[in-house]
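Here is the structure we will look at, set down as structure tokens.
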Amino acid sequence: MERDKMKIYMYIDESGVLHKNDYYNIFLFGGICFINENLRNKCKWEYGKRELEIKNKYPNNKELKGNTLKNKHKKYLYSILNGEKTFIGKVNINKLKEIDWQRKKSIQKYKDWFLMMLIKEQVNNLIIKKEINVNEKNIFHIFVDNQNISIDEKNNLTKKINQEFFKGKYNNKKEFIKPIFNQFGKIKVKYVNSETNELIRAADILCNNKFNKIKEEKSIEGKHVIFSHP
């Protein structure tokens, strides 16, 4: 009998502005990964519970975002993530040569590539730890904070991850690069409004925490996976 397909959930938000004149020269993606539905639901419930405890402190806020909360409340929410699988992607803007800053599509294309590489880094880390099996069918549910981009641009991320994970691709020398997984699985990318998703808001708190550390010239090293470019 075929084993059940493994479901992996990721929730991702961003912090900073990917612009050549950005003051801090830093752009971040931050994500939380769950390797089963029970762990995902437990964290979602706990995060929502803590939000309700402090919601009355911010009566004018539609949602509790990291840039509007007091430090003690940010720490209270962030502490939920201490035992979770988190990952951080850091772009050093002033070193970038891959973007034509005059073209919006060029900026979005880079963001898609970078996010795909960050997700790949997280997945490779789980494979090394034997938490994901490359010989099983894996289904990835990836939730990203909603962006003002076209449907075609949203589909690009799904296509890029599919190539890396399940289909394989050809490099510039026309050499075939094998996919990460030996079994064909599924990639489901969904862009969601953070107002309606507790775990996207949790990813926002994660991003906000790391972005503020970078601004204060503190280290963001920790248990989480970090992918930096260039």
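Tabulated data for the structure shown
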quantity: Members of segment 37-94 that are charged (D, E, K, R), under 17 Å from I220 (Cα atoms) and in contact with a strand residue (DSSP E or B) (Cβ under 8 Å, 6 or more places away or on another chain); calculated: E84, K85, K90
quantity: Filter result (in contact with a Phe, Trp or Tyr (Cβ under 9 Å, 6 or more places away or on another chain) and either of a type outside the set (V, I, T) or not in a helix (DSSP H, G or I) (or both)) within segment 96-111; calculated: L96, E98, I99, K111
quantity: Tally, over segment 82-93, of residues that are at pLDDT 95 or above and either among the small types (G, A, S) or open to solvent by less than 30 Å² (accessible area, probe 1.4 Å) (or both); calculated: 7
quantity: Criterion (closer than 26 Å to V134 by Cα, hydrophobic (A, V, I, L, M, F, W, C) and surrounded by 20 or more Cβ atoms within 10 Å (Cβ to Cβ)) met by exactly one of F165, F211; calculated: F165
quantity: Selection from segment 191-208 of residues that are more than 12 Å from the chain's Cα centre (by Cα) and open to solvent by 30 Å² or more (accessible area, probe 1.4 Å); calculated: N193, E195, T196, E198
quantity: Residues that are in contact with a Phe, Trp or Tyr (Cβ under 7 Å, 6 or more places away or on another chain), part of a strand (DSSP E or B) and in contact (Cβ under 8 Å) with a residue 40 or more places away in the chain, drawn from segment 123-181; calculated: N138, H141, F143, V144
quantity: The lone exception for N135 - which of (1) surrounded by 16 or more Cβ atoms within 10 Å (Cβ to Cβ); (2) within 17 Å of F166 (Cα to Cα) it fails; calculated: (1)
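The values are calculated or read from the model by the stated rules, or taken from the named source; none is laboratory data. Everything numeric here is computed off the predicted structure, so don't read it as measured data. Note that each Cβ is placed from the backbone with ideal geometry, even for glycine, and that neighbours are counted across all protein chains shown. The area values use the complete protein model at the heavy-atom level, side chains included, leaving out ligands, DNA and RNA. Shrake-Rupley method; radii C 1.70, N 1.55, O 1.52, S 1.80 Å.
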